[in-house]
Structures are given as structure tokens and as C-alpha cells.
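The values are calculated or read from the model by the stated rules, or taken from the named source; none is laboratory data. Treat the numbers as computed from the prediction; the structure is a model and nothing was measured. Heads up, the Cβs are rebuilt from the backbone with ideal geometry, glycines too, and the neighbour counts pull from every protein chain shown. For the accessible areas, the whole protein counts, side chains as well, though only heavy atoms, and no ligand, DNA or RNA atoms are used. Shrake-Rupley method; radii C 1.70, N 1.55, O 1.52, S 1.80 Å.
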Amino acid sequence: MSWIRCVFSIFFYTINTLIWFVPIFICGLIKLIPIKPLQKLMSWTAKQCASIWVTFNTLNQKLLTPTKLSVTGLEELKLKDWYLVIANHQSWVDILVLQRVFNRKIPFLNFFLKKELIYIPILGLCWWALDFPFMTRTSKSQLKKNPKLRGKDLETTRKACEKFKEMPVSIVNFVEGTRFTPQKHARQNSSFPHLLKPKAGGVAFVMQAMGEQISKVVNVTIQYPDGIPTFIDFACGRVKQINIHVEVMPVSQELIGDYTGDSEFRVRFQSELNRLWQEKEQQLSEFEQKN
């Protein structure tokens, strides 16, 4: 029975994506025309199409996958504010969960993605047309060979944030930088039992570029009581419950500064992020106790 559900669920995800890919991609192509009002209109249109895409994905989930979402903390959110959304990251399912929870409650979610993801058929072009920033991961050895690469992600973030200033947007950053696995956790020797170490750079770059414009920081904690699922697990209806806690926080002036050039600010910012991760760890422990 679960495989029948899975086949229909994936079929509807695919058809829904193919349908909405067309207008979203066309909007992306039209945005190549260097006329600001037209580009702004196409960005708005593409995001409206993407919101409807998410709405039908959510309907698919409700009809075919009996997953219960237990969500707290959505009361303060508004559709016309700018948000920085930070979350722990465990699975591709996280993206579907965030889209479902926040669709039409805050502006459309824009994710920072690895540059390799632009080559995913259909989806990569959709993300490009929706102005998702594609980031280059630079290793320490690459930086050592070519120090000029050090500021490349900051420049990519700055350019993306220039577009984000034109209309309300929600910028999503998975602060751990990658999905949680026991192997990565052990390799990092992370002090957080359920989390990888937070990486401050991405969040700090967004705050440096847009801090004065961002209305609130939305801190999301996602927990899967039955273990971290794959997309197939989710599509087959094997995920019985997902717990989501949302904390809406003001933007403190202490979070805005020169992360690359000010060493004292960098230490202070990392310390603040570690504090948030300690609170997130506590929230995950509370979820476990209730299960």
C-alpha cells in the first residue's frame, strides 16, 4: 500500500513541477532583459507561481501522505516583512517542510544552494529563475593556493541581497552548511548531540549586506521522532509525525558588522550563534522527551 501511495505521490510532485516550471522559467528568461521595472514584475510573478507550486505540493502531501505536522510559534509572522530563516538540516524533506509551514505566511523562501545543484534537471532552472543564490564551497587548501577566493562567497551573497532588497523576501540559511549524519557528527566532534557545529559565515554575510532591512530572524527547529527520513520515506507516508518549533527574534545590532574584517565582531557573532545552537539542542531534547 505504501508503494502505491509513493508512486501516486511522486507522480503528482513531478506533474506539478513540470506544469509550474514553464511560467517560472519564462519569467527567468524575461528577467535577462535589462529593464528594472520588468525584472521586478517578473520576479514577483515567478514567486507567485512558485507559491502556487508549493500549495499544490502541500495538497499532495495532505491527501497522500498521512504525516502530522506539529508546529508552534507562527503567530508573529507577516507576509510583507523581510526575514532571515535559520534552521537545522537533516534531510531534503526539510525543504518541503519549511515550504509547507511558511507558504503565504511569510514571503517566498529563497535558499542558498551549492552551485552544483543548478544542474539538477528542471529544479535547477527553477531555482535560477527564482533568484536562489548558488554558492561555491571553497576548501582550506583551495584558499591556501588562491587567497583571492576568500571573498567570493561574500560577493555572491552581496549580489543576491541587492536583488532581495527590491521586494519582501525570506532568506533561508541552513547554518550547519550540510545535512546532519552520524558520520559527519563524529568527524566534527560536535559538542551538540543532535546538531553539527554552526557555521557563522553565511548568516553573517547576509546580515552584513541586509541587516538594516531584515525585519526579524526566524529560528526553526525541525525534529523527526521516528528518525531522519529520505524523500522516498516521506512520499511513501512512512513519516508519521514531524515536530517544528519556530522562534521569531528581533534583529539585534550586535548581529550586524564586518565579519571578514573585524576579528572581535567575528568572535562575538560566532558566540551568539553557538548560544542559539545550545537552545536548539535543548529544544530537540524536549521534543525527544515528549515522544
- [ ] Check off (1) farther than 19 Å from VAL172 by Cβ; (2) in contact with a His (Cβ under 6 Å, 6 or more places away or on another chain) for GLN283 and give me the number that stays unchecked.
- [x] (1)
Task: region 239-259, subset outside any strand (DSSP E or B), touching a Phe, Trp or Tyr at 6+ places or on another chain (Cβ under 7 Å) and among the aliphatic types (A, V, I, L, M), residue most open to solvent (accessible area, probe 1.4 Å) - done: LEU255
Open item on the list: It is to be established whether one or more residues within region 217-231 are without any contact (Cβ under 8 Å) to a residue 24 or more places away in the chain, out of contact with any Lys or Arg (no Cβ under 7 Å at 6 or more places or on another chain) and more than 23 Å from PHE265 (Cβ to Cβ).
Closed with: yes
Open item on the list: Can you list the strands (runs of 3 or more DSSP E) lying wholly within region 36-133 that have 2 or more residues being open to solvent by less than 10 Å² (accessible area, probe 1.4 Å)?
Closed with: 83-87, 109-111
- [ ] Take the residues in region 154-172 that are touching a Phe, Trp or Tyr at 6+ places or on another chain (Cβ under 7 Å) and closer than 11 Å to PHE205 by Cα, then tell me which one is modelled with the highest pLDDT.
- [x] THR157
Task: Qualifying helices (runs of 4 or more DSSP H) (wholly inside region 150-219; at least 2 residues being surrounded by fewer than 16 Cβ atoms within 10 Å (Cβ to Cβ)) - done: 152-164, 182-188
Task: Conditions (1) in contact (Cβ under 8 Å) with a residue 60 or more places away in the chain; (2) surrounded by fewer than 17 Cβ atoms within 10 Å (Cβ to Cβ): number failed by ASP262 - done: (1)
TODO: Please find, within region 220-232, the residue that is farthest from the chain's Cα centre (by Cα) out of those that are buried (at least 20 other Cβ atoms within 10 Å of the Cβ) and outside any loop (DSSP other than H, G, I, E, B).
DONE: GLN223
Task: Residue list for region 1-33, restricted to those being touching a helix residue (DSSP H, G or I) at 6+ places or on another chain (Cβ under 8 Å) and polar (S, T, N, Q) - done: SER9, ASN16, THR17
